[in-house]
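Below is one structure, written out as structure tokens; comments come after it.
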Amino acid sequence: MSPNEETRILVIGGTGRLGRHIVAASARLGHPTAALVRDTAPSDPAKAALLRSFRDAGVTLVKGDLYDHTSLVRPMKAADVVISALGTRQIADQTRLIAAIKDAGGVKRFLPSEFWTDVDHTAAVEPARSTVYASKASVRRAVEAAGVPHTYVLCGYLAGAALPSVGQVLSPAPPADEAVVLGGGDTKVSYVAEEDVGAYTVRAAADPRAAGRMLYVKPPANTLSHNELLSMWEKKTGRTFLRVYVAEDAVLKMIRGGKNDSAEASHALGIALSIGHAAYILGETNFKIEPSLGAAAGELYPDVEYTTVSEYLDRLLPTGSSGRYLQGHKGVLTSLAALCCVLLCIFVWMLSDRISR
Ligand SMILES: NC(=O)c1ccc[n+]([C@@H]2O[C@H](COP(=O)([O-])OP(=O)(O)OC[C@H]3O[C@@H](n4cnc5c(N)ncnc54)[C@H](OP(=O)(O)O)[C@@H]3O)[C@@H](O)[C@H]2O)c1
């Protein structure tokens, strides 16, 4: 597969949070693109609109399911590359994709659903350790044992998963008055916009330089500490937030003893917190780029203009936020207005004095 050769790409999980950006990037870059979807005529208006946008971009929709082997093999026979963006619950079952790739015969590259830090080198705690991390690592081993050519795409926090709350792990929204920070807030954390992961992933999928290697997606301007992130947000909003620091011991206690209404909610809380612990306390999203194992996406594809954290935060500012910003600087603005009035009065007085002479 040379970079100039036409590469037919099949995306599994293309309707998901990340997958939709991979499908869009593949179509935008001109690859014949197919997306395996469970329902080609969904009743959910948002999903129907997404599929319409895929069709409009020339994407072929193929009805199929991870648990229906024949429905996987058929489109794989017409694909050079299979990219999986299956969600966390389906990670371990990607062995079914490997079996289908073997049966299809002609797939030249498989990118399993990774899109997080290096699962082979982690100090993450439970419950994420034996679920998310272990299942991604087991898929790697299955890919390698089957001899399937592959690329593993590593990245930090997806912007949409971390920035709407300005880095607060258990909150869906920006801080109101207080901002909760795991640890001391000085550990560096890497963020990347979903559309940029899509662009880099598709480029690597068709690039022989990424074959059998890691693709490290870590945009240089997007590694900053939680304290730096909050300061950036404070500057943009003209507000300050009380920072509530949760020490590591307390975080681990919350992970172990998370009491919630249901076992499922408690497990989800444990997963989110243990992932947050790995990022905000252990610093694992600030991974080292290991040249013997792979390459930095920004070096391989410097033409990709990635979204900076600052630009992403701008998208979150409510419309009319300039008004809120001005409100935050009311004192300075009042003084400036008073100074202008005084200068104007002096100017008028000098002018009238000159005229009267
Ligand atoms: N770095 C980060 O901060 C971060 C954050 C979140 C996720 N991730 C990782 O990114 C990857 C994608 O996660 P995501 O959150 O984007 O996933 P997601 O939104 O949950 O999407 C899952 C996709 O899989 C499809 N799917 C589910 N069951 C299927 C089946 N039986 N057969 C075929 N398709 C099926 C879904 O289709 P339907 O539309 O039919 O349901 C959907 O397209 C995962 O590896 C995840 O761990 C990373």
Within the stretch 37-70, considering residues that are within 9 Å of the ligand (Cβ to nearest atom) and either in contact (Cβ under 8 Å) with a residue 60 or more places away in the chain or part of a helix (DSSP H, G or I) (or both), the one farthest from Leu10 (Cα to Cα): Lys47
Residues satisfying the stated conditions in the stretch 71-89, i.e. open to solvent by less than 10 Å² (accessible area, probe 1.4 Å), assigned to a helix (DSSP H, G or I) and within 12 Å of the ligand (Cβ to nearest atom): Ser71, Leu72
Residue, farthest from the ligand (Cβ to nearest atom), within the stretch 90-119, restricted to residues that are buried (at least 20 other Cβ atoms within 10 Å of the Cβ) and of a type in the set (D, E, K, R): Arg109
Filter pass, Lys136 being within 23 Å of Asp196 (Cβ to Cβ), open to solvent by 10 Å² or more (accessible area, probe 1.4 Å) and among the basic types (Lys, Arg): yes
Ala159 being touching a helix residue (DSSP H, G or I) at 6+ places or on another chain (Cβ under 6 Å), more than 9 Å from the ligand (Cβ to nearest atom), touching a residue at least 60 places away in the same chain (Cβ under 8 Å) and closer than 29 Å to Pro220 by Cβ: no
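Within the stretch 247-262, does at least one residue satisfy the condition of being among the hydroxyl-bearing types (Ser, Thr, Tyr) and without any contact (Cβ under 8 Å) to a residue 12 or more places away in the chain?
yes
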Members of the stretch 26-36 found to be open to solvent by less than 30 Å² (accessible area, probe 1.4 Å) and either in a strand (DSSP E or B) or among the hydrophobic types (A, V, I, L, M, F, W, C) (or both), listed by number: Ala27, Thr33, Ala34, Ala35, Leu36
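The values are calculated or read from the model by the stated rules, or taken from the named source; none is laboratory data. Because the structure is a prediction, the values reported are computed rather than measured. Backbone-built Cβ (ideal geometry, glycine too); neighbour counts: all protein chains shown. Surface accessibility is based on the protein's heavy atoms, side chains included, excluding ligands, DNA and RNA. Shrake-Rupley method; radii C 1.70, N 1.55, O 1.52, S 1.80 Å.
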